[in-house]
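A quick write-up on the structure given underneath.
The values are calculated or read from the model by the stated rules, or taken from the named source; none is laboratory data. Quantities reported herein were computed from a predicted structural model and do not represent experimental measurements. For neighbour counting, all protein chains shown are included, and Cβ atoms are generated from backbone atoms with ideal geometry for every residue, glycine included. For accessibility, only protein heavy atoms count, side chains too; no ligands or nucleic acids. Shrake-Rupley method; radii C 1.70, N 1.55, O 1.52, S 1.80 Å.
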Amino acid sequence: MKKDLLLIILLFILSCSNHISLDHLYPSDDLIIENLDDWGKENYKKMINEFKNNPLSYGDIVFLGNSITQGGNDWSERLNYPNIKNRGIGGDVTDGVLSRIDEIGYFKPKAVFLLIGINDLWNNGSPNKPSAEYIGNNIIKIIQAVNAQTPKTKIYVQTVLPIEKEEYRLNIIKVNEIIKAKEKENPYEIIDLYSIFVNKDGLIKKELSTDGIHLNEKGYDTWVKFIKPSINSLD
C-alpha cells in the first residue's frame, strides 16, 4: 500500500514538473527598451513570445543577435551541424539581448555565437544615441552575464559587420576595437567577421548584401565558411 502511494506521489510530482512554466526566463511584455524603435519594440515582443513557445533545449548551440542573425534562419542546415538554435531578433539592440539572457543561462548551451551592435548605432530615431563605448561595454556585459549563469558555455563574439553608410564606419571600428581589446580579460573568443565583409573603403562588400546592411545568400555562405572551423571545434 505504501509503495503504491509513493508511486502515485512520484508520478504526480513528475507530471507537475513537466508543466512548470518557463515564462520567468523571458522578458515581460511591458518591458521598455529605449533604443528600440516602434517596429523593433513590437517585433521584440512577437519574437519573445515565439521563443516562449519554442524554448531552447539543454546543450544547444545558440546564434544570438539581431536581424542579420535571424535572417540566417536554420543555422543547423547551413552549417550541417545538429541542435543550432536561432535567437536573432530583427531590430534588437545590446540592451535587448541583455534582457533576454536568462533563457540561455537556464538551458546551458554548448556554445553561443553573438553578433549585435549595429542597431544601437543605427538607432532608428532614438533621442539618445548610444556611444561606441556604451555599445562595446554592453557587449562585454552580455558575455559576462552569460558566463555567470553558464560558465561551461563556449562564447564567441563576432565583430560588428560594416555597412554601406560612411557615417557609421568609424563607430563600427571603435566598437570592434573595444571588444577585441577586452578579449584576453573576458571569457570569449573573437571571430572577426568584419574583416571578411569589409571592402577597401571600409564599407560592406556590395556583392554580399541585399541593401547595404543585411546579407544575401552569398553573404551567409561567406559567414558560414568563415565560422565552420569554430563549429567543428565544438565536437
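Could you check the stretch 163-182 and list, in sequence order, the residues that are loosely packed, with under 15 Cβ neighbours inside 10 Å and either assigned to a loop (DSSP other than H, G, I, E, B) or touching a Ser or Thr at 6+ places or on another chain (Cβ under 8 Å) (or both)? Explain how you work it out, then say what you get.
Taking the stretch 163-182 first, the residues loosely packed, with under 15 Cβ neighbours inside 10 Å are 165-167, 170, 177, 181.
Within the stretch 163-182, Lys165 is the sole residue that qualifies.
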Only unsatisfied item for Val160, checking (1) open to solvent by 10 Å² or more (accessible area, probe 1.4 Å); (2) under 25 Å from Asn232 (Cα atoms); (3) assigned to a loop (DSSP other than H, G, I, E, B), is (1)
Look at Lys152 and say whether it is modelled with pLDDT of 95 or more and either surrounded by fewer than 20 Cβ atoms within 10 Å (Cβ to Cβ) or under 18 Å from the mean Cα position of the chain (by Cα) (or both). yes
Quick check: anything in the stretch 57-69 open to solvent by 60 Å² or more (accessible area, probe 1.4 Å) and assigned to a helix (DSSP H, G or I)? no
Would you confirm whether any residue within the stretch 116-128 is among the small types (Gly, Ala, Ser) and at pLDDT below 95? yes
